[in-house]
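Colleague: Here you go, one structure.
The values are calculated or read from the model by the stated rules, or taken from the named source; none is laboratory data. The structure displayed is predicted, hence computed values, not measured ones. Heads up, the Cβs are rebuilt from the backbone with ideal geometry, glycines too, and the neighbour counts pull from every protein chain shown. Side chains are part of the model used for accessible areas, which takes the heavy atoms of the whole protein and leaves out ligands, DNA and RNA. Shrake-Rupley method; radii C 1.70, N 1.55, O 1.52, S 1.80 Å.
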Amino acid sequence: MEIERKFLIGTLPENLECYPSQTLEQAYLCTEPVVRIRRSGDTYTLTYKSKGLMSREEYNLPLTAESYEHLKQKADGNIIQKQRYRIPLEDGLTAELDIFAPPFEPLILAEVEFTSEQQALDFLPPAWFGEDVTWSAEYHNSTLSRKKLQPGT
């Protein structure tokens, strides 16, 4: 079970370069239900996610690089690239700060995962977090993958 809240970010936290980061590339084979492939360094994953906004089932399966490249050619929609920073928060939580590459820049989102829905509902975001968009499917990566882009973007 994945339980997370998602926030827009307008102002980056100080010393961002001090936090660990990785480049992610992901594509969607299906968006209802969500079937995603992701590359993070030398790690390749196929993920299934059920419907839901704050809470949903999530299953991950490892892929080989060859399988990833084969499936990537079958992606339905935009391929998403982003830089993800892992920023420690209070109470042992971590913000996963995603800075999206073109054509989705200047979009910046932070996600925080929780162990329970109550913990998620009780969460008080740090001051640098912006609007809470947890309840909007508009900011799901699967939705971005289907977004119609203007020519030249």
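Colleague: Go through the residues of segment 21-32 one by one and say whether even a single one is more than 21 Å from residue 148 (Cα to Cα), open to solvent by 20 Å² or more (accessible area, probe 1.4 Å), touching a residue at least 24 places away in the same chain (Cβ under 8 Å) and not in a strand (DSSP E or B).
Modeller: No: zero hits.
Colleague: How about segment 58-105: which of its residues are within 25 Å of residue 119 (Cα to Cα), part of a helix (DSSP H, G or I) and among the charged types (D, E, K, R)?
Modeller: Initial filter on segment 58-105 (within 25 Å of residue 119 (Cα to Cα)): 58-60, 84-98.
Imposing the further condition that a residue be part of a helix (DSSP H, G or I) reduces the set to 90-92.
Result: 90, 91.
Colleague: Name the pairs: first residue in segment 120-138 and on the phi < 0 side of the Ramachandran plot and among the charged types (D, E, K, R), second residue open to solvent by less than 60 Å² (accessible area, probe 1.4 Å) and not in a helix (DSSP H, G or I), Cβ to Cβ under 7 Å, at least 6 apart or on different chains?
Modeller: Partner pairs satisfying both residue conditions: 131/7; 131/8; 132/5; 132/7.
For (1) surrounded by 11 or more Cβ atoms within 10 Å (Cβ to Cβ); (2) of a type in the set (D, E, K, R); (3) modelled with pLDDT of 95 or more, each residue gets a yes or a no:
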| position | (1), (2), (3) |
| --- | --- |
| 93 | yes, no, yes |
| 102 | no, no, no |
| 107 | yes, no, yes |
| 111 | yes, yes, yes |
| 114 | yes, no, yes |
| 118 | no, no, yes |
| 123 | yes, no, yes |
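Colleague: For segment 35-57, name all the residues that are under 19 Å from residue 137 (Cα atoms), open to solvent by 70 Å² or more (accessible area, probe 1.4 Å) and in a strand (DSSP E or B).
Modeller: 48
Colleague: I want to confirm something. Restricting to segment 1-48 and keeping residues that are of a type in the set (Lys, Arg) and within 12 Å of the chain's Cα centre (by Cα), which single residue is farthest from residue 79 (Cα to Cα)? Give the derivation first.
Modeller: To start, the set of residues in segment 1-48 that are of a type in the set (Lys, Arg) comprises 5-6, 36, 38-39.
Still in the running and within 12 Å of the chain's Cα centre (by Cα): 5-6, 36, 38.
Numbers: 5: 23, 6: 20, 36: 10, 38: 10 Å.
Per the criteria, the residue is 5.
Colleague: Let me ask another. Quick check: is even one residue across segment 58-71 open to solvent by 30 Å² or more (accessible area, probe 1.4 Å) and closer than 24 Å to residue 105 by Cα?
Modeller: We begin by selecting, within segment 58-71, every residue open to solvent by 30 Å² or more (accessible area, probe 1.4 Å); these are 58-67, 69-71.
Still in the running and closer than 24 Å to residue 105 by Cα: none.
No, because not a single residue in segment 58-71 is open to solvent by 30 Å² or more (accessible area, probe 1.4 Å) and closer than 24 Å to residue 105 by Cα.
Colleague: OK, next. Among the candidates 68, 48, which residue alone is in contact with a Pro (Cβ under 7 Å, 6 or more places away or on another chain) and among the aromatic types (Phe, Trp, Tyr)?
Modeller: 48 is the lone residue from the list that is in contact with a Pro (Cβ under 7 Å, 6 or more places away or on another chain) and among the aromatic types (Phe, Trp, Tyr).
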